[in-house]
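The values are calculated or read from the model by the stated rules, or taken from the named source; none is laboratory data. Remember, predicted model here, so these are calculated numbers, not experimental data. Positions of Cβ are backbone-derived with ideal geometry, glycine not excepted, and every protein chain shown enters the neighbour counts. With ligands, DNA and RNA removed, areas are computed over all heavy atoms of the protein, side chains included. Shrake-Rupley method; radii C 1.70, N 1.55, O 1.52, S 1.80 Å.
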Amino acid sequence: MYFSSVTFFLSLYRFQAFVYFASVFQAMSCGIHYLASVFMAVTPNFVCGVPGNVSSVLFYNSSESSLEDIWTLWTSTENDIVVQLENGEIWELNQCSRSKREMSLDLAYEYKGNKSIFSCSDGFLYDDTKWKSTVVTQWDLVCDREWLAKLIQPTFMLGVLIGAVIFGDVADRLGRQRVMWFTSAGQFIFGIAVAFTFDYYSFVIVRFLLAMVSSGYLVVAFVYVTEFVGIKARTWASMHVHAFFAMGIMIVALVGFLVRTWWIYQIFLSIATLPFVLCCWMLPETPFWLLSEERYEDAQKVINIMARWNKVSTPCKVSELCSVQQDDLVDGGMGDNDTSSTKKHNILDLFCNWHIARRTITVWLIWFTGSLGYYVFSLSSVSLGGNEYLNLFLIGAVELPCYIIACIGMDKLGRRNTLIPFLILSALICVLIMVIPQDFNILIILANMAGKFSIGVAFGLIYLYTAELYPTIVRSLAVGSGSMMCRVGSVVAPFCVYLRSVWIFMPLLLVGIMALLSGILTIMLPETLGKPLTNTLVEATEIGRNKKSCSEKTPPAHSDASLEKIEMVGQETVSTEK
């Protein structure tokens, strides 16, 4: 923590602005790939194919010469479409079955004679009025192969989970810069490769790799911008990485509206990655990581570059920062043998006593619910009726103000007092959507936008709140485990959306129950606004139980005392330049 002044004394300057916007620009491509399947894997109307050319099509009293003219009339799969072939054969077609009339000379919709039932061995005929081609139509992922189509998004989210774990660890070992280079290039390469996959299985495998690098970039980008942006702007900067992710969702809606062939659609979406790939080599490694690896000369070079960009004539010296840290260790007392600082902690420490265990279960539930609700509202938006492209665009656009509200609420009302009402509001909105008549499309869309807004506020602030609820010794472990529950929620979300086939309101019911439960349990969490970060599990347990803060009874850890001194050095440097 003693390197915080490197970012603090130059916070909100030109260099940080360049690094921030260059890094979060690529977060848009993460949003793009996360939601690309809503149009790429859509299933249009379809019926079984026939062994010949169609000469006439009949649906009730409507007679046409081709299927393209009948799709708008066929709204229920309970009724068959009758077709006559050029050789005179008459077939009754439905989605997963077809039957041939044995004795029929005249083309009529009603028929009481014998029929021979056949499987769909001649493939399928698809409605291409909206989508010229999707992965479903490309590889006939319907009927007994429908489950393969339903695995496209869950397998992607599984890649997101694994990628977050792998690249988060690799970034700590090899550096943030290298991982950002690799994952951004990987997004472009795998994104283009998806468009040229030759079968379903290669498509899923390449998409899985794309998910890993996309998730890896998003995780490391959060760390990267946090280590470069000053302390005063850190909350806003980290929250608005989500905003660029939402802009990616809006791009998906726009490209989906303009391009109706899935592989061309995928290429256009992947091109959004290209500008960053061409310039990402210019981004430096963070001084935080360089100092942690004792690469002091490299860290000094980065600090000097920052100073030149920001027109600071007397930049900080790494030697001065290190000397402050050493002096702080001496002043703090080297004889204080705190075994907790050297002990290796594991997941069980998050359940060390009843208070911490209850806190952990609640926090995990909030992470899971936030992710589940976020993706259920997003993935369901194209099934609300009306214009599906506009629906998805609005679902992404509504996130932009929600993060501003989250930041203001956290600073003015507190973390818990902002989280509780928005979680409960999410549950109430789910109930509201269930009672709105299905004919009121505009009200349903507006209610879904409100649901996405409220769950977005809760989902956005849980990152910071989790970090403040736990002590230094297990803080990374707590945030990492919460993030893992978030990924589990994102894997479950597509399956939850598929439950619409059981009952149209089933996904909303599940999200509403989870949001209400999470909101009620959040009442028992302590407020952390204005309170110092804790260093031990004992201090963390005491948060909210006494009016006096833990810091009044327990002296701060060496790292925190060091941080105060170093920030003073950084402030002096800035004041001399102003």
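Taken together, LYS130, LYS100 contain a single residue that is among the basic types (Lys, Arg), outside any loop (DSSP other than H, G, I, E, B) and either in the same structural domain as LEU67 (by the TED database) or surrounded by 11 or more Cβ atoms within 10 Å (Cβ to Cβ) (or both), which is LYS100. When restricted to residues that are open to solvent by 10 Å² or more (accessible area, probe 1.4 Å) and closer than 14 Å to TYR374 by Cβ, the range 405-449 contains 3. The set of residues from the range 18-65 being assigned by the TED database to the domain that holds TRP262 and without any contact (Cβ under 8 Å) to a residue 40 or more places away in the chain comprises just one member, PHE21.
Restricting the range 429-473 to residues that are assigned to a helix (DSSP H, G or I) and free of Cβ contacts under 8 Å to residues at least 12 places away in the same chain, the residue that is nearest to the chain's Cα centre (by Cα) is LEU446. Taking the conditions (1) open to solvent by less than 30 Å² (accessible area, probe 1.4 Å); (2) among the hydrophobic types (A, V, I, L, M, F, W, C); (3) within 21 Å of the chain's Cα centre (by Cα) in turn, VAL219 satisfies each one other than (1). For the range 153-187, the candidate set comprises residues that are of a type in the set (S, T, N, Q) and open to solvent by less than 20 Å² (accessible area, probe 1.4 Å); within that set, the residue that is farthest from PRO287 (Cα to Cα) is GLN153. Taking the range 68-90 as the range and being closer than 20 Å to TYR111 by Cα, open to solvent by less than 20 Å² (accessible area, probe 1.4 Å) and within 46 Å of the chain's Cα centre (by Cα) as the test, the residues that pass are ILE70, TRP74, ILE81, VAL82, VAL83. For the range 189-202, a tally of residues being in contact (Cβ under 8 Å) with a residue 40 or more places away in the chain and surrounded by fewer than 22 Cβ atoms within 10 Å (Cβ to Cβ) returns 5. Restricting attention to the range 140-152, the residues being over 15 Å from CYS96 (Cβ atoms) and either open to solvent by 10 Å² or more (accessible area, probe 1.4 Å) or in contact with a His (Cβ under 6 Å, 6 or more places away or on another chain) (or both) number 2. The residue that is nearest to SER483 (Cα to Cα), among those in the range 372-412 that are in a helix (DSSP H, G or I) and among the β-branched types (Val, Ile, Thr), is VAL376.
Here's the yes/no breakdown for (1) at pLDDT 80 or above; (2) among the aliphatic types (A, V, I, L, M):
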| residue | (1), (2) |
| --- | --- |
| ALA307 | no, yes |
| LYS317 | no, no |
| GLN326 | no, no |
| LEU329 | no, yes |
| ASN346 | no, no |
| ALA357 | yes, yes |
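If you scan the range 103-121, which residues turn out to be in a loop (DSSP other than H, G, I, E, B) and of a type in the set (Ser, Thr, Tyr)? If the condition is that a residue be in a loop (DSSP other than H, G, I, E, B) and of a type in the set (Ser, Thr, Tyr), then SER104, TYR109, TYR111, SER119, SER121 are the ones that fit. Tell me, yes or no, whether the range 84-91 has at least one residue that is hydrophobic (A, V, I, L, M, F, W, C), touching a Lys or Arg at 6+ places or on another chain (Cβ under 9 Å) and within 21 Å of TRP139 (Cβ to Cβ). The answer is no; no qualifying residue exists. Selection over the range 257-278 of residues that are among the small types (Gly, Ala, Ser) and either open to solvent by less than 30 Å² (accessible area, probe 1.4 Å) or closer than 19 Å to ASN387 by Cβ (or both) gives a count of 1.
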